[in-house]
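Q: Dropping a structure here in structure tokens format, bear with me for questions.
The values are calculated or read from the model by the stated rules, or taken from the named source; none is laboratory data. It should be emphasised that the depicted structure is a prediction, and the values quoted were computed from it without experimental measurement. Note: ideal-geometry Cβ built from the backbone for every residue, glycine included; neighbour counts use all protein chains shown.
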Amino acid sequence: MDVTEGSHREKTMRFLFLIDDYLSKGSVVRICFKNTKTLHPCGTLVFVSNIDVWKAKYPSRLRLKALPSDPVVAQLFKHIGILEQLGLMIELDTSHSMVKDWHYHSGNSMDAAEYRDLAISARDYIDHPEKSLFPGCLNEAVSNTIDHAYETEPSSNELPPKAVRKWWMFSQVRDGLMSVVIYDQGVGIPRSLLSKPMVQDIFKHLNKKDARLIEAAVSSPRTSTQLPYRGKGLPEMFSFSQQLHQGGLSILSARGGFFYDSERERYKRKHYNIKLPGTLVAWGIPASQTTSH
């Protein structure tokens, strides 16, 4: 499962859309993971978020047909709760080195207690000239979801049920790099940005490709009280990433992607043929040792 590379993204999203289509038509869906051998954090987080939404919208209609035959994938599914979500309550060792360092968080509020341990412990190990800024950046990124991602009317059919209008997060430290992936199923950056009357005139002459709109949201130094999207969160993360010697920042929303490579100090935009609902932010930060959360 991957949503960053074009061909894998199309397969992943079509798989998710197909499940949603069958469930919406009243079918019981049984998912077979027997041949699943590789999981990408971004795609897996999107999948986990969809399970939450499907369970809320279609109770008892989503089931597991077969466990992954790959032991690492099976352990990861157990570790992050997918097996329980699909009704399989079994004991399974999750001590593999590729599994135990992954940590999963989710919530529907701005309560930093949900990920406080990650913010504090990671701050002690990351390699950054202003590492004390990390908890604030992380909190801004999560707060953005609550403030802006689900800002349309509660009756909107395009958004998940109100009970699962959440943020989802994976984190890991491995091989000298801390990875943090945050996802929401909200309105997405391009739509949110263009919906604000105060900025419509500014962007009316801009190429409105989703990737360019994401770039505009990330690079703007102004807050949502003056200009554009999601307060200070994304610009703060981008500024933080520009001071890294490795890693970087990836932001995907709708049909656009913005990728910053901290080592090369370069960024690129990418257009996708298939839409990703909401917004996914993936952050890579050099770390000196493994955190405990």
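Q: Residues G87, G26: which one is modelled with pLDDT under 90 and farther than 26 Å from S171 by Cβ?
A: G87
Q: In this structure, does P154 turn out to be at pLDDT 85 or above and in a loop (DSSP other than H, G, I, E, B)?
A: For P154, the condition - at pLDDT 85 or above and in a loop (DSSP other than H, G, I, E, B) - is not met.
Q: Next up: Which of (1) farther than 23 Å from S239 by Cα; (2) surrounded by 15 or more Cβ atoms within 10 Å (Cβ to Cβ) is the odd one out, the single condition A141 does not satisfy?
A: That leaves (1) as the condition not met.
Q: Of all residues in the range 65-112, which are within 17 Å of the chain's Cα centre (by Cα) and of a type in the set (S, T, N, Q)?
A: S106, N108, S109
Q: Is it fair to say G247 is crowded, with 20+ Cβ neighbours inside 10 Å, at pLDDT 90 or above, under 15 Å from the mean Cα position of the chain (by Cα) and in the same structural domain as W168 (by TED's automatic domain parsing)?
A: Taking the combined requirement at face value, the residue does not satisfy it.
Q: List pairs: first residue in the range 192-217 and over 21 Å from I146 (Cβ atoms) and small (G, A, S), second residue at pLDDT below 85 and assigned to a loop (DSSP other than H, G, I, E, B) anywhere in the structure, Cβ distance under 9 angstrom, at least six positions apart or on different chains.
A: A216/L206; A216/P228; A216/Y229
Q: Picking from P68, P41, P59, which residue would you name as being surrounded by fewer than 16 Cβ atoms within 10 Å (Cβ to Cβ) and either not β-branched (V, I, T) or not assigned by TED's automatic domain parsing to the domain that holds V281 (or both)?
A: P59
Q: Mind checking whether some residue in the range 222-231 is over 20 Å from L276 (Cα atoms), buried (at least 21 other Cβ atoms within 10 Å of the Cβ) and at pLDDT below 85?
A: Yes, the range 222-231 contains a residue that is over 20 Å from L276 (Cα atoms), buried (at least 21 other Cβ atoms within 10 Å of the Cβ) and at pLDDT below 85.
Q: Quick check on my filter: what residues within the range 16-35 are more than 30 Å from T145 (Cα to Cα) and surrounded by fewer than 19 Cβ atoms within 10 Å (Cβ to Cβ)?
A: Of everything in the range 16-35, those that are more than 30 Å from T145 (Cα to Cα) and surrounded by fewer than 19 Cβ atoms within 10 Å (Cβ to Cβ) turn out to be G26, S27, V28, R30, C32, K34, N35.
Q: Ok, one more. Which strands (runs of 3 or more DSSP E) sit wholly inside the range 1-119 and have at least 2 residues that are free of Cβ contacts under 8 Å to residues at least 60 places away in the same chain?
A: Hits in the range 1-119: 29-32, 62-66.
Q: Do we have any residue at all in the range 75-86 that's outside the structural domain of W283 (by TED's automatic domain parsing), of a type outside the set (D, E, K, R) and touching a strand residue (DSSP E or B) at 6+ places or on another chain (Cβ under 6 Å)?
A: Yes, the range 75-86 contains at least one residue that is outside the structural domain of W283 (by TED's automatic domain parsing), of a type outside the set (D, E, K, R) and touching a strand residue (DSSP E or B) at 6+ places or on another chain (Cβ under 6 Å).
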